[in-house]
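The values are calculated or read from the model by the stated rules, or taken from the named source; none is laboratory data. Quantities reported herein were computed from a predicted structural model and do not represent experimental measurements. Cβ atoms come from the backbone with ideal geometry, glycine included; neighbour counts cover every protein chain shown.
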Amino acid sequence: MAWTLADLSKIETDTLRKSVIDIFLMESNVMQEIPWETIGQLTTTVVRMGALPSVGFRKVNESWTESTGDTLEQRVENIALMGGYVDTDKAIARAKNTIADARAIRQVMEVKAMAYKFNDKFINGNPQSDPEEFKGLEKRVDDIYAEGFTGQLIDVAGGSTTEGILNSSATRHNFLDKLDQLIYAIKGHNPNFLFLNDGTLLAIRSLLRRELLLDTTKDMFDRRVDMYSGARLVDIGVTATQTTEIIAADETKGGGSTEASVYAVKFGIGEFLWGIQEYPLEVDDIGLVPSTPTKYRTVVDWPLGLAVIDPYSIGRLYGVIASAAA
């Protein structure tokens, strides 16, 4: 059975762990929905189907030709050791003139930072530049494109346009054609999510509203979520700096300098894209640190990563210019 953090939050009885889970859920739309598999080790091997076997016909009283041509491909997915210490000086923790619990505030800040870190690496994780992190969508789409799945990486306009997607009726419809192409490239033609930045989300919302194509739903916190063609449009947000967008608005992949991307994702354990964890999230209040008995410490520990089997479960549309009409 696939478990998400949202599922675990409903049945968690440890108040400290539940408080951490709920912060993750509030700060990360990805963590609300991605299913997790516990693998009990630091790596796992996934098996992807390659070419399918041959199938033929036979005459009466004759045999079929032996099936040939089927292949299986093995891929190794790695765990990244995400976590942190939440330390609070005991003098601050015990002060009676503070307006809030100092340890609780530090915990909220640390867990929010972890949620933002996960969101960032979900898109931008690159073990080649930092072996301690897991591989994100950008590098995974590049990998499958290099393997020949060229339909999973789509340029809005071949890198030649300088017009925003709201510039005219023609540019609006050109963008919708490309967005539909991205959606169609995902297995079943129905991705769960379209991840983008805030400027792109607002521009697409405006475009879909003008074309009477905008749908909406609510998330688990009763917040509005925009939808198009059955997929949720989600602003993946900023890094822990609170200012740097995870999906940059100044990408140069499409040939310009004011462009961004939209990532399409379909989740499913053992089928599409899913989360892997060596063991589930652990949160431990260890009290005063033995080596530094002037600090209280809470340890948040979650060894995790991503795994993907079907190359058609992820895709990227790049070269999106989210400017309004002149």
Residue count, region 159-171, condition surrounded by 13 or more Cβ atoms within 10 Å (Cβ to Cβ), of a type in the set (Gly, Ala, Ser) and at pLDDT 85 or above, comes to 2
Given the conditions (1) surrounded by fewer than 17 Cβ atoms within 10 Å (Cβ to Cβ); (2) out of contact with any Gly (no Cβ under 7 Å at 6 or more places or on another chain), every one holds for Leu72 apart from (2)
The correct count of residues that are within 22 Å of the chain's Cα centre (by Cα) and under 15 Å from Lys178 (Cα atoms) in region 204-218 is 1
If we take region 198-316, then strands (runs of 3 or more DSSP E) inside it with 2 or more residues that are touching a strand residue (DSSP E or B) at 6+ places or on another chain (Cβ under 7 Å), assigned by TED's automatic domain parsing to the domain that holds Asp14 and among the polar types (S, T, N, Q) are 292-308
| request: Tell me, please, whether a residue that is at pLDDT below 90, more than 22 Å from Asp235 (Cα to Cα) and touching a helix residue (DSSP H, G or I) at 6+ places or on another chain (Cβ under 8 Å) can be found in region 143-158. | output: yes
(1) in contact with a Gly (Cβ under 8 Å, 6 or more places away or on another chain); (2) among the small types (Gly, Ala, Ser); (3) more than 19 Å from Ile204 (Cα to Cα) all hold for Gly287 apart from (1)
How many residues of region 32-63 are hydrophobic (A, V, I, L, M, F, W, C) and modelled with pLDDT of 90 or more? The answer is 5
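Hey, among the residues in region 317-326 that are hydrophobic (A, V, I, L, M, F, W, C) and not in a strand (DSSP E or B), which one's surrounded by the fewest Cβ atoms within 10 Å (Cβ to Cβ)? Reasoning before the result, please.
First pass over region 317-326, keeping only residues hydrophobic (A, V, I, L, M, F, W, C): 317, 320-322, 324-326.
With not in a strand (DSSP E or B) added as a condition, the list becomes 321-322, 324-326.
On the way: Ile321: 25, Ala322: 23, Ala324: 11, Ala325: 13, Ala326: 8.
Among those that are hydrophobic (A, V, I, L, M, F, W, C) and not in a strand (DSSP E or B), it is Ala326.
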